[in-house]
Amino acid sequence: MVNGFPDLRKFFGGGSSDDVICNPNSTFSCPCEKCWETSKPFVKNGSEWLAVEFQKCLPMTKNLEKQLREKIASWLNEECAFVLNCRIFSLQSFTQKNVIIGGNECQNENDKTKGVLYLTVLLNLNETKIYEATQVPATILGSVIQAREHLLSSLVAADMDSVVIVERVDYPFNDYELQSNSAVSPKKLLQLTSFAFASMIISFIATFCLICSCFCCFVGRIQWSSFGSSKWFNGTNPKKKKIKTNVELKALKSNPESVS
């Protein structure tokens, strides 16, 4: 119910209902729409999540939440058994409980609405925190989702746009209670990363230009020094000639008999 009226968004793909709980009856239970920002079990430095983007918001329901986790676990088992070499990661069979939904967001970008589903898979059901050592590598999960793209799109009744790996960062908080403004969205994290990369490139170019300028000035100074000290530039030294003339005149004055 929304303001006393039925919430019809889930029937038209406009978003999920606030009362739908993702990962129910587990440590990671949370409202689907708010898991990514507020759920304390998900915040751990270095944890990688799969962000699956759809062309519209997902109509999340309890039944869809259950089916998503069951299907992803089944697809992961099948791909690891026949296609992917999951043994190098010591992966075994998975169930619905291993699959964690980290959030179901409805975002607006450039006047377009899209849905974003955050996913990860745990190696051990006894984990209470999600970080890199407790997760199935995001690259493997991404390969599975891409291989079953059409099945996933059919399940959620929305075309899939992209699959992106996003990394959670460690936030400062007390007693694992997050502030409402402490979470950084994947979009903002990507913007910060792009800004840092652009700054690094600009700094490199500026440093390179400065080094080239110093080198050119140094080489030019050597060339001008050589040019300035050359015989062609200086010519004959008039001072030496003048001194020689003075000496000759002095000799003539001291020996007047030698002048005929």
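The values are calculated or read from the model by the stated rules, or taken from the named source; none is laboratory data. Just so you know, these numbers come straight off a predicted model, no measurement behind them. Glycine gets a Cβ as well: all are built from the backbone with ideal geometry, and neighbour counts include every protein chain shown.
Can you tell me which residues in the range 113-135 are under 20 Å from the mean Cα position of the chain (by Cα) and closer than 14 Å to Ile72 by Cβ?
Leu117, Tyr118, Leu119, Thr120, Gln135 - these are the residues of the range 113-135 that are under 20 Å from the mean Cα position of the chain (by Cα) and closer than 14 Å to Ile72 by Cβ.
Could you tell me whether any residue of the range 141-152 is under 24 Å from Thr27 (Cα atoms) and over 21 Å from the mean Cα position of the chain (by Cα)?
No, the range 141-152 contains no residue that is under 24 Å from Thr27 (Cα atoms) and over 21 Å from the mean Cα position of the chain (by Cα).
With the condition kept exactly as written, say whether any residue in the range 66-86 is in a strand (DSSP E or B), over 20 Å from Asn25 (Cα atoms) and out of contact with any Asp or Glu (no Cβ under 6 Å at 6 or more places or on another chain).
No, that holds for no residue.
If a residue has to be part of a loop (DSSP other than H, G, I, E, B) and charged (D, E, K, R) to count, how many in the range 95-111 make the cut?
Adding up the residues that qualify gives 1.
With the structure loaded, tell me whether Glu127 is surrounded by 15 or more Cβ atoms within 10 Å (Cβ to Cβ), in contact with a helix residue (DSSP H, G or I) (Cβ under 7 Å, 6 or more places away or on another chain), assigned by TED's automatic domain parsing to the domain that holds Trp36 and within 23 Å of Cys30 (Cβ to Cβ) or whether it fails that test.
yes
Among the residues of the range 134-150, is any surrounded by 13 or more Cβ atoms within 10 Å (Cβ to Cβ), in contact with a Lys or Arg (Cβ under 7 Å, 6 or more places away or on another chain) and either in the same structural domain as Trp49 (by TED's automatic domain parsing) or of a type in the set (Val, Ile, Thr) (or both)?
no
Of all residues in the range 117-168, count the ones that are hydroxyl-bearing (Ser, Thr, Tyr) and touching a Phe, Trp or Tyr at 6+ places or on another chain (Cβ under 8 Å).
3
For the range 112-119, does any single residue satisfy the condition of being at pLDDT 90 or above, in contact with a Ser or Thr (Cβ under 8 Å, 6 or more places away or on another chain) and either in the same structural domain as Val163 (by TED's automatic domain parsing) or closer than 23 Å to Val156 by Cα (or both)?
no
Scan the range 157-181 residue by residue and report those that are of a type in the set (A, V, I, L, M) and either under 22 Å from the mean Cα position of the chain (by Cα) or at pLDDT 90 or above (or both).
Selection gives Ala157, Ala158, Met160, Val163, Val164, Ile165, Val166, Val169.
Can you name the number of the only condition in (1) at pLDDT 90 or above; (2) farther than 21 Å from Phe94 by Cβ; (3) surrounded by 13 or more Cβ atoms within 10 Å (Cβ to Cβ) that Ser154 fails?
Status for Ser154: all satisfied but (3).
If you scan the range 141-162, which residues turn out to be without any contact (Cβ under 8 Å) to a residue 60 or more places away in the chain and either not hydroxyl-bearing (Ser, Thr, Tyr) or not in a helix (DSSP H, G or I) (or both)?
Gln146, Glu149, His150
Check whether at least one residue in the range 121-133 is under 23 Å from Asp161 (Cα atoms) and either in contact (Cβ under 8 Å) with a residue 60 or more places away in the chain or part of a loop (DSSP other than H, G, I, E, B) (or both), and report yes or no.
So far as the range 121-133 goes, no, none of its residues is under 23 Å from Asp161 (Cα atoms) and either in contact (Cβ under 8 Å) with a residue 60 or more places away in the chain or part of a loop (DSSP other than H, G, I, E, B) (or both).
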